[in-house]
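To start, the structure itself, in C-alpha cells.
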Amino acid sequence: MKKASNLWKEKTALLELKGVCYSYPDGTEALNNIDLTIYRGEKVAVIGPNGAGKTTLLKILDGLVLPTKGVAKIFGMPLNKKILNSKKMYNVRKRLGFVFQDPDVELFSATVWDDIAFGPLHLNLSHKEIDKRVEETLKLLNIENLKDKHPYNLSGGEKRKAAIAAVLSVDPEVLLLDEPTADLDPRSKAEVIDIINELNKTGKTIVTATQDMDIVPELADRVYVLNKELMAEGTPKEIFSDIEMLKRNNLEVPEVMKLFEVLKCFGYDYTRLPLSINEAIKVLTETIETEGGHIHLHIHEHTHEEIKKLKGKYNHHS
Ligand SMILES: Nc1ncnc2c1ncn2[C@@H]1O[C@H](COP(=O)(O)OP(=O)(O)OP(=O)(O)O)[C@@H](O)[C@H]1O
Ligand SMILES: [Mg+2]
C-alpha cells in the first residue's frame with residue numbers, strides 16, 4: 001500500500017474547475033473564468049469579500065449547480081445535466097460533505113440526533129452502526145447535551161455545530177465548509193478548528209470558505225482569493241504579504257500580524273512575521289532564547305511616525 005506522503009507527492013486532483021463562469025437565473029454574474037484545482041489531502045481556503053462568489057463556488061464544487069460556462073470535474077468526472085441526475089452522482093455525493101453557510105438548510109428533523117442520523121441512514125448501514133456513528137459524532141463536537149433538542153430551539157453557535165455534525169456523520173472524503181466558525185464562541189471555534197485539522201491529518205481534504213482571516217493560517221496550506229474572478233493564489237504567507245491586493249479586494253491580514261508590525265515600530269527585529277498565535281509563540285520563544293532571555297522594545301525617534309504609517313497601510317476607510 002502507498003504511504004499517505006507518497007499520495008500527496010502524486011498530487012491527485014479531486015476537484016477541478018476550468019474556465020468556470022456562473023450566472024444566477026436573475027442574471028447576477030457570480031463567477032467569472034475560474035481555474036482552480038483541489039488536490040487530495042490538501043487544506044485550502046477560499047477568501048473574498050461579501051458577494052465574492054465563495055458560496056457559489058462551493059456549490060459548484062459540490063455538484064449542486066452546473067457552471068454556465070467552462071468545465072467542473074469532481075473526482076475526475078466532468079459534470080453535465082445527465083450526470084447530475086444519474087446514480088453515478090449519488091455515489092460521488094457520498095464522498096463530498098458540504099456544511100452550508102446557513103445551518104438551517106442542514107437541520108430539518110425533529111431532533112438533533114435525527115439530523116445527524118439522516119446521512120448514515122441513507123448509506124444502508126445497520127441500526128447499530130448508525131447509533132455508533134451518531135454517538136461518536138455528538139462526542140466529537142461536544143454536543144451530546146443537544147441530542148434530544150429540536151434544531152429550531154438551538155442557539156446560532158449550537159446550530160452551526162449540529163450542522164457540522166450532520167455532515168461529519170457521513171464520513172465524506174472531502175469537506176466543503178462555508179464559514180464554519182461563524183457564530184461560534186472562542187472555545188467552540190478552537191474546538192472546530194482542531195477537529196478540522198485532525199480530520200485533515202486522517203487524510204480528508206478540506207476546503208473552507210471564510211471571511212475570518214485569523215483562522216486562515218490554521219485551516220489552510222493554500223489560499224485562493226476570490227472576487228468574482230480569482231485574484232490570487234498562494235500559501236497564507238504569500239497571500240498575507242500582498243497588502244495592496246488584499247485591500248483592493250476588501251480583505252485584511254490576521255490581527256496577530258498587525259501586532260508584530262507594531263512591535264517592529266518599537267524596535268523588535270523579528271526573524272519572521274507570524275500569521276497565527278501558535279507561530280507568534282514560536283517566534284517569541286526563538287527571540288527570547290537567542291537574546292539571552294529578553295525582548296528589547298524601545299521608543300525611538302521614528303516609532304510613532306512608523307505606527308501612523310502602519311495604521312495607514314491597513315486602513316480600509318476610503
Ligand atoms: N439565488 C441567487 N439568485 C440571484 N443571485 C444570487 C443568488 N445567490 C447568490 N447570488 C448573488 O451572487 C453573488 C455571489 O454570492 P455568494 O453567496 O456566492 O457570495 P459569497 O462570497 O459567499 O458572500 P458572503 O461572504 O456574503 O457569504 C452575490 O452578488 C449574490 O447576490
Ligand atoms: Mg457565502
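Is it fair to say Gly157 is over 29 Å from Ile277 (Cβ atoms), under 23 Å from the mean Cα position of the chain (by Cα) and among the small types (Gly, Ala, Ser)?
Here the answer is no, as Gly157 does not meet what is asked.
Quick one: which strands (runs of 3 or more DSSP E) lie wholly within region 199-284 and hold at least 2 residues that are surrounded by 19 or more Cβ atoms within 10 Å (Cβ to Cβ) and within 16 Å of ligand 2 (Cβ to nearest atom)?
Here the list reads 205-210, 222-227.
Name the residues in region 170-197 that are closer than 20 Å to Asp102 by Cβ, open to solvent by 50 Å² or more (accessible area, probe 1.4 Å), in a loop (DSSP other than H, G, I, E, B) and away from ligand 2 (no atom under 16 Å from the Cβ), would you?
Once the filter is applied, which keeps residues that are closer than 20 Å to Asp102 by Cβ, open to solvent by 50 Å² or more (accessible area, probe 1.4 Å), in a loop (DSSP other than H, G, I, E, B) and away from ligand 2 (no atom under 16 Å from the Cβ), region 170-197 yields only Asp185.
Of the residues that sit in region 183-213 and are within 11 Å of the chain's Cα centre (by Cα) and within 16 Å of ligand 1 (Cβ to nearest atom), which one is nearest to Leu31 (Cα to Cα)?
Ala209
Cβ-Cβ below 9 Å, separation at least six or inter-chain, first residue in region 290-309 and outside any loop (DSSP other than H, G, I, E, B), second open to solvent by 90 Å² or more (accessible area, probe 1.4 Å): which pairs?
Qualifying pairs under 9 Å: Thr290/Thr271; Glu306/Lys264.
Is region 161-169 home to any residue that is open to solvent by 30 Å² or more (accessible area, probe 1.4 Å) and not aromatic (Phe, Trp, Tyr)?
no
Does Gly53 meet the test of being over 22 Å from Ala166 (Cα atoms), touching a Cys at 6+ places or on another chain (Cβ under 7 Å) and small (Gly, Ala, Ser)?
no
Take the conditions basic (Lys, Arg), in a loop (DSSP other than H, G, I, E, B) and in the same structural domain as Asp212 (by TED's automatic domain parsing) and apply them to Lys139. Does it pass?
no
The values are calculated or read from the model by the stated rules, or taken from the named source; none is laboratory data. Because the structure is predicted, anything quoted here is derived from the model rather than measured. So basically every Cβ, Gly included, is an ideal-geometry build from the backbone, and we count neighbours across all protein chains shown. Ligands, DNA and RNA are stripped out before the accessible areas are found, and what is left, the full protein with its side chains, is counted by its heavy atoms. Shrake-Rupley method; radii C 1.70, N 1.55, O 1.52, S 1.80 Å.
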